[in-house]
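Note sheet for the following structure.
The values are calculated or read from the model by the stated rules, or taken from the named source; none is laboratory data. If you're wondering where the values come from, they're calculated on a predicted model, not measured in any experiment. In this analysis, Cβ positions are derived from the backbone assuming ideal geometry, glycine residues included, and neighbour counts consider all displayed protein chains.
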Amino acid sequence: MRLLFVLVAVLGLTSCGWNANSRLIPMAERAVPDVTGEFQFEGRTISFERRLPGNLVEVVAMLEDGSTERTTVAFDLLRIVRDDNGTRSFYLIEMDHTTEDGASFGYELFAIDQGVDAEGAPLPDPTIAWYSLNCADASDRFDSDPEQRCQFSRYADLMLAADDLLTWMLDPRIPLLVDDGRRLSED
């Protein structure tokens with residue numbers, strides 16, 4: 001089964017996000033999420049077309065105008081949070097793109113929320129959340145390039161920023177835009 005869901009920012013990132021000139025997530029840290037089915041966000045659908053060598057995934061966005069855009073994505077599992085409402089798995093995603101400042105990879109936060117019913121059994125359909133990571137003073141302090149904001153060159157610095165983000169994600173000091181999606185029914 002193919003995974004479909006919409007991605008607002010992955011294929012249209014601007015230079016105001018988290019960027020790198022090279023792929024920073026090492027192969028040993030890549031973890032492809034185990035989610036299947038179709039998801040929709042604001043009228044757009046995204047498909048994880050196929051797994052590629054190196055624990056990468058080809059992602060195809062089907063836009064409202066009928067056009068498609070492709071990118072290659074790496075996922076890094078950051079944290080799993082369990083509570084009475086279920087399990088939420090947070091991933092840092094790294095996708096190929098080009099911006100005006102020449103960066104070739106951008107970063108966003110991806111969460112899979114697997115809820116549970118009143119008896120504690122997993123619900124059949126997870127919810128997907130996609131967080132746009134805008135550059136802010138809080139995240140910029142972790143990059144190693146004082147000339148460019150939120151331009152990362154080391155995996156360790158990227159992970160420090162991601163950990164800080166997860167710690168403070170409910171605090172308004174880091175502007176986050178989230179797009180939630182639910183599985184489409186299979187009629």
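Restricting attention to region 47-61, the residues that are in a strand (DSSP E or B), without any contact (Cβ under 8 Å) to a residue 40 or more places away in the chain and either surrounded by 13 or more Cβ atoms within 10 Å (Cβ to Cβ) or of a type in the set (Phe, Trp, Tyr) (or both) total 5.
Taking the listed residues Leu133, Leu92, Leu177, the one that is at pLDDT 85 or above, farther than 20 Å from Met27 by Cα and aliphatic (A, V, I, L, M) is Leu133, with no other qualifying. In region 75-91, of all residues being of a type in the set (Asp, Glu) and within 21 Å of Asp34 (Cα to Cα), the one that is surrounded by the most Cβ atoms within 10 Å (Cβ to Cβ) corresponds to Asp76. Scanning region 13-46 for residues that are touching a Cys at 6+ places or on another chain (Cβ under 8 Å) and modelled with pLDDT of 80 or more, we see that the one that is surrounded by the fewest Cβ atoms within 10 Å (Cβ to Cβ) is Gly17.
Number of residues in region 99-125 that are more than 30 Å from Asp84 (Cβ to Cβ), among the hydrophobic types (A, V, I, L, M, F, W, C) and either surrounded by fewer than 21 Cβ atoms within 10 Å (Cβ to Cβ) or at pLDDT below 85 (or both): the value is 1.
Condition check ((1) among the hydrophobic types (A, V, I, L, M, F, W, C); (2) buried (at least 16 other Cβ atoms within 10 Å of the Cβ); (3) farther than 18 Å from Trp18 by Cα; (4) out of contact with any Cys (no Cβ under 8 Å at 6 or more places or on another chain)) across all residues:
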| site | (1), (2), (3), (4) |
| --- | --- |
| Val73 | yes, yes, no, yes |
| Ile93 | yes, yes, no, yes |
| His97 | no, yes, no, yes |
| Thr127 | no, yes, yes, yes |
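Scan region 142-158 for residues that are at pLDDT 80 or above and part of a loop (DSSP other than H, G, I, E, B) and jot them down.
We begin by selecting, within region 142-158, every residue at pLDDT 80 or above; these are 142, 149-158.
Correct list: Phe142, Arg149, Cys150, Ser153, Arg154.
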